[in-house]
1. Inside segment 101-120, can you point out the residues that are under 20 Å from the mean Cα position of the chain (by Cα) and among the aliphatic types (A, V, I, L, M)?
2. When you look at Gly19, is it closer than 13 Å to Ile138 by Cβ and in a helix (DSSP H, G or I), yes or no?
3. Determine whether segment 43-50 contains at least one residue that is modelled with pLDDT under 95 and among the hydroxyl-bearing types (Ser, Thr, Tyr).
4. Which one of these is modelled with pLDDT of 95 or more and either more than 30 Å from Lys24 (Cβ to Cβ) or not assigned by TED's automatic domain parsing to the domain that holds Gly116 (or both): Met264, Met236?
5. Collect the residues in segment 165-181 that are closer than 28 Å to Trp108 by Cα and in contact (Cβ under 8 Å) with a residue 12 or more places away in the chain, keeping them in residue-number order.
6. Suppose we filter segment 55-109 for residues that are among the acidic types (Asp, Glu) and under 25 Å from Ser166 (Cα atoms); how many remain?
7. Checking Ala36 against (1) surrounded by fewer than 17 Cβ atoms within 10 Å (Cβ to Cβ); (2) in a strand (DSSP E or B); (3) among the hydrophobic types (A, V, I, L, M, F, W, C), which test does it fail?
Amino acid sequence: MTEIANKTAFVTGAASGIGLALTKALLARGAKVMMADMNAEGLKAAQASLDRPDDTAIIVCDVADATSVQGAAKATIDRFGKAHLVFNNAGVSLAGLPGKFNLEDWRWIVDINIMGIVYGCETFIPLIASHGEGGHIINTASMAGHVTNPGMGPYFATKFAVVGYSEALRMELKNIGIGVSCLCPTWIKSNIHNTSDKSPGAVNSREEFKSSKAYQTVKSLIENGMSPDIYAELCMKGIGANRMHIFNDPETRQAMLDRHTSTMADYDACLTDLGIA
């Protein structure tokens, strides 16, 4: 979608971080925005901080609850008439080691990071298709949807899922005028490193985890990361150019190349084993 002015956007996780920055970037381009988040007070404060609050509305929405997302979609249509851009941005993190994860935590992160995006897409795609004006779906994944490191298996699993789902959607929706982009940032200033505080198992491990070297390293990287406003501007350019993936970090380029090299080496070795290389 090259023209954002006078379009309506729905943004989850809009009370802070990337979600709030996306809201600002959309408003600067003349869009109307429905801001959705679990944090009611945070939403009110975020809306009050905007230059054009009258072009926004806010709604408390739990993306892990399909009924809540459907209610937020209805509120968007009731307030603005149509929806054109959907930013499935809300997400959480979870760290730990295999064999030690609380299985309820696995369900928690899957429900938010994967199903939250599924509910957003399944709810809004028919609404966008119905008006025939085109639109764009933007799903927030992470560089963690392309390369991995030890210590955050569930997070990597959900972000790989978001990348794959987004790539499939792009092929499936291109013929009806709906574009798809996937946000794949590394370190952006936000509060995502603290979102696991709300996981079912956090009460038993929160203080121990926050005193760990791994947490302190991630905390430092995020607090010194790219401004979400800069990344939001990059996203607007990416949407206008209809890019599939929107990256931001030159330091992870080699990791992407290494993964490709390793994957293709296994691919060719397997074909050799089959005698069909």
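1. Ile109, Val110, Ile112, Ile114, Met115, Ile117, Val118
2. Answer is yes for this residue.
3. No, segment 43-50 has no match at all.
4. Details: Met236 fails: either more than 30 Å from Lys24 (Cβ to Cβ) or not assigned by TED's automatic domain parsing to the domain that holds Gly116 (or both).
After applying the criteria, what remains is Met264.
5. Result: Tyr165, Ser166, Glu167, Leu169, Arg170, Val180, Ser181.
6. Total satisfying the criteria: 3.
7. The one condition Ala36 does not meet is (1).
Let's see how each residue does on (1) touching a Pro at 6+ places or on another chain (Cβ under 6 Å); (2) among the hydrophobic types (A, V, I, L, M, F, W, C); (3) surrounded by fewer than 16 Cβ atoms within 10 Å (Cβ to Cβ):
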site	(1), (2), (3)
Ser16	no, no, no
Gly30	no, no, yes
Leu43	no, yes, no
Ala46	no, yes, no
Ile58	no, yes, no
Val63	no, yes, no
Asp78	no, no, yes
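The values are calculated or read from the model by the stated rules, or taken from the named source; none is laboratory data. Computed from a prediction, not measured in an experiment: that's the story for all the values here. When we count neighbours, we look across all protein chains shown, and the Cβ atoms used for this are built from the backbone with ideal geometry, even at glycine.
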